[in-house]
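This report concerns only the one structure given below.
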Amino acid sequence: MTVPRVQRRSLKQRLAEGDSLRGVLLRLPSETLVEMAGVAGLDYVVIDCEHGPADTALLQQHIMAAEAHGIDVLVRVGTAEPTLALRCLDLGAAGLIHPHVDGAEDARRAVAASHYPPWGERGFATYSRSGRFGTVPAAEHVAASRQTLVIAMIETQRACAAADEIAGTEGVDAVLVGPADLAADCGFPAPEAVNGLIRQAHRAIVENGRTVMTIVPHLEAARAAEEAGARLIVFNMAQVLMDTFGALARPSRP
């Protein structure tokens, strides 16, 4: 989290105050889409460095574009990648999504990679972009870093069974169930089997006072997720765009 020039509420503060937030999932390079998301009035973008290129030079450009339009950036890092997590935060990411969190131990590692001591084990520096290149006091930089949003991603049957201990881990702010990996882990059963595991995990998340994050393919699904209690909605822009392009490509009928 970058020390802001102009004070505005962080994503973490907005969630604590009861806001529901909408964002989009993008893969590098998507700088224009980042700008468009900001102009449209979305709350955040998720840059996917797990299934997309983890190019930190490009990521810095995307974060700069987002900040220029008043929108926050969350980054999905790879599994157990504290070095990438540190670089993303040093560049000014507002938070991190940690994939493949299967239990409390994984959740604690995710928190440790996301925060400075004593909350975590992130290497300390104020001369990075997030510290405005050393121009802010250390105490102010640390205070800003406390607003880092930590999101644990659970994607297996084992993780769903451990959702209570994952969501109950100190420092975890939100939990995202990954439906694609969960379906793969279950052997691609009927959708209702996966949906049942997701509902079970969501109950555990809410009972622990954490925020449910949900990835959706379209507006109708977003509305349904919000009605079910999710407060971090992220649109899968690859699917949104491909659905749109497909509709445009189909010949019109009289």
Inset, instruction - State all residues of region 6-42 that are under 28 Å from Glu140 (Cβ atoms), touching a Phe, Trp or Tyr at 6+ places or on another chain (Cβ under 7 Å) and not small (Gly, Ala, Ser); if no residue qualifies, say none. - result: Leu11, Leu21
Legend entry - Close pairs (8 angstrom Cβ cut-off, 6 or more residues apart or separate chains): in a loop (DSSP other than H, G, I, E, B) in region 158-172, surrounded by 15 or more Cβ atoms within 10 Å (Cβ to Cβ) and at pLDDT below 95 anywhere: Gly171/Trp119
Legend entry - Where a residue in region 184-212 is small (Gly, Ala, Ser) and its partner, wherever it lies, is open to solvent by 30 Å² or more (accessible area, probe 1.4 Å) and in a helix (DSSP H, G or I), with Cβ under 7 Å and at least six apart: Ala204/Asp164
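When the residues of region 207-252 are filtered to those that are among the β-branched types (Val, Ile, Thr) and in a helix (DSSP H, G or I), which remaining residue is most open to solvent (accessible area, probe 1.4 Å)?
The initial filter retains those residues of region 207-252 that are among the β-branched types (Val, Ile, Thr), namely 211-212, 214-216, 233-234, 240, 244.
Those still in the list that are in a helix (DSSP H, G or I) too: 240, 244.
Values: Val240: 38, Thr244: 66 Å².
By that ranking, first place goes to Thr244.
Among the residues of region 169-205, write down those that are within 20 Å of Gly18 (Cβ to Cβ) and surrounded by fewer than 16 Cβ atoms within 10 Å (Cβ to Cβ). Before you say what the answer is, go through the steps one by one.
Going residue by residue through region 169-205, those that are within 20 Å of Gly18 (Cβ to Cβ) are 172-176, 202-203, 205.
Matches in region 169-205: Arg203 only.
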Legend entry - Residue list for region 178-198, restricted to those being under 14 Å from Ile154 (Cα atoms) and not in a helix (DSSP H, G or I): Gly178, Cys186
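With respect to Ala183, is the statement that it is at pLDDT 95 or above and closer than 18 Å to Val111 by Cβ true?
Values: at pLDDT 95 or above: yes; closer than 18 Å to Val111 by Cβ: no.
So Ala183 fails the test.
Residue by residue, here is whether (1) within 29 Å of Arg14 (Cα to Cα); (2) β-branched (Val, Ile, Thr); (3) in contact with a helix residue (DSSP H, G or I) (Cβ under 7 Å, 6 or more places away or on another chain) holds:
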site	(1), (2), (3)
Ala174	yes, no, no
Ala184	no, no, no
Pro189	no, no, no
Ala204	yes, no, yes
Inset, instruction - Examine region 62-73 for a residue that is open to solvent by less than 30 Å² (accessible area, probe 1.4 Å), out of contact with any Phe, Trp or Tyr (no Cβ under 8 Å at 6 or more places or on another chain) and closer than 25 Å to Gly171 by Cα, and state whether such a residue exists. - result: yes
Inset, instruction - Mind listing just one residue for me: the one in region 113-128 that is outside any helix (DSSP H, G or I) and among the polar types (S, T, N, Q) and, of those, least open to solvent (accessible area, probe 1.4 Å)? - result: Ser128
Inset, instruction - Find the residue count for region 142-166, including only residues that are aliphatic (A, V, I, L, M), closer than 22 Å to Pro118 by Cβ and open to solvent by less than 10 Å² (accessible area, probe 1.4 Å). - result: 5
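The values are calculated or read from the model by the stated rules, or taken from the named source; none is laboratory data. Bear in mind the structure is a predicted one, so any value in this text is a computation, not a measurement. Counting neighbours? That spans all protein chains shown, and the Cβs are built from the backbone with ideal geometry, glycine included. Only protein heavy atoms, including side chains, enter the accessible area calculation; ligands, DNA and RNA are left aside. Shrake-Rupley method; radii C 1.70, N 1.55, O 1.52, S 1.80 Å.
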